[in-house]
Amino acid sequence: MGIRERLSGNEAAAIAMKQINPDVVAAFPITPSTEIPQYFSTFVSNGAVDTEFVAVESEHSAMSACVGAEAAGARAMTATSANGLSFMWEVIYIASSLRLPIVMSLVNRAVSGPLNIHNDHSDAMGARDSGWIMLFSETNQEAYDNLIMAHRIAEHKDVLLPLMVCQDGFITSHSIENIDLIEDEKVKEFVGTYKPEHYLLNDKEPIAIGPLDVQSYLFEHKYQQAEAMRNAKKVILEVAKDFEKMTGRKYSFFEEYKMEDAEIAVVCMNSTAGTTKTVVDELREKGIKAGMVKVRVFRPFPAEELSEALGNLKAVAVMDKADSLNGAGGALFEDVVSGMYVAKKQVPAVSYVYGIGGRDTTADDIHEVYDYLQEVVKTGNIDNPYRYVGVRK
């Protein structure tokens, strides 16, 4: 049946971790993710889990401890935000290159400087090419569900890659919403027991972890990582199908909202999708064929599938809550238009950067984006494909 609750996104993430009951959690506090290990530490202290909780001195140490634990054969988890992820920088690459399926809850926040503790996606976008699977979450429910599915994806024998579940700092992490929790026993059965094939504490197979990997081997190992990321697409869908059987909640690479006959659409991620759906409904009432695509799986990037979903539009806007500072649009925009170009889907596309440093993104802002798309359809002209919405100029 499920358990109806009212929880913040951070509480939902902590409860997912409790139900998973990992062998090791190593974490260091940083706003706005601090509550996740804080809540989880109470589960440790009251005996609700038998996890080894490691309170480390930095985020670099947190990821290092997770790498050590996972390499030894344990299931490891952590949580962080923004500068904390930046401080992990060296070790997040090591985690993926060693094929260690660590799961991290990333509560998205602006990366300094100047110092800002509010939401944008600059932390996740900075790590987009680090070899981690990346799932994004519109709501508290999705953050919880993504974490429940995470280990099944990351630990699959054809994948073996670390995975981060992203949610928007404060917007979902600290906001309380209704949520349907899964019964503990069902989660335990769904997630299963971690049984790595190769690990340091296996006395029947002495191995080395992280040896020097020079010209003779590194290229091949990086190719294997890339293949594992490609394999993850199939596994993500398989796990989502099993999750739907258990809960009735359906997930894929992305969600299409009123896209069946859409002529214009916005592509976005995380909590912005909720506001965008409201705007789409308002436009539909006026007879405007608007739609939205919310990307859930950012790595591996579903280029072919997204191109198919967007290929019949007359114009599309891709919204990035981080600026790549490259003069040519945000990271999501680049991936979307690259995929469409390869798929020979020639749809006029516009990049919008928005919401930097927690700047409110209102329905009026989203209307502005759709208004411009209507103008593009009417005139057939894009005067500037690299645009901003909500910024004072």
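Miscellaneous remarks
- Some residue of the range 74-97 being part of a helix (DSSP H, G or I) and at positive phi: yes
- Number of residues in the range 353-390 that are within 18 Å of residue 263 (Cβ to Cβ) and of a type in the set (Phe, Trp, Tyr): the value is 2.
- Close contacts from the range 198-226, counting a first residue that is more than 12 Å from residue 73 (Cα to Cα) and a second that is surrounded by 10 or more Cβ atoms within 10 Å (Cβ to Cβ) and modelled with pLDDT under 95, with Cβ to Cβ under 9 Å and a gap of 6+ residues or different chains, come to 221/213.
- Taking the range 99-131 as the range and being buried (at least 24 other Cβ atoms within 10 Å of the Cβ) and either hydrophobic (A, V, I, L, M, F, W, C) or not assigned by TED's automatic domain parsing to the domain that holds residue 148 (or both) as the test, the residues that pass are 102, 103, 104, 106, 107, 110, 124.
- The sole residue among 360, 383, 365 that is in a loop (DSSP other than H, G, I, E, B) and either touching a residue at least 12 places away in the same chain (Cβ under 8 Å) or not assigned by TED's automatic domain parsing to the domain that holds residue 319 (or both) is 360.
- Meeting the requirement of 1 or more residues that are more than 19 Å from residue 135 (Cβ to Cβ) and over 24 Å from the mean Cα position of the chain (by Cα), the strands (runs of 3 or more DSSP E) wholly within the range 174-291 are 264-269.
The values are calculated or read from the model by the stated rules, or taken from the named source; none is laboratory data. This is a predicted model, so every value here is computed, not measured. Glycine also receives a Cβ, built like all others from the backbone with ideal geometry; neighbour counts cover every protein chain displayed.
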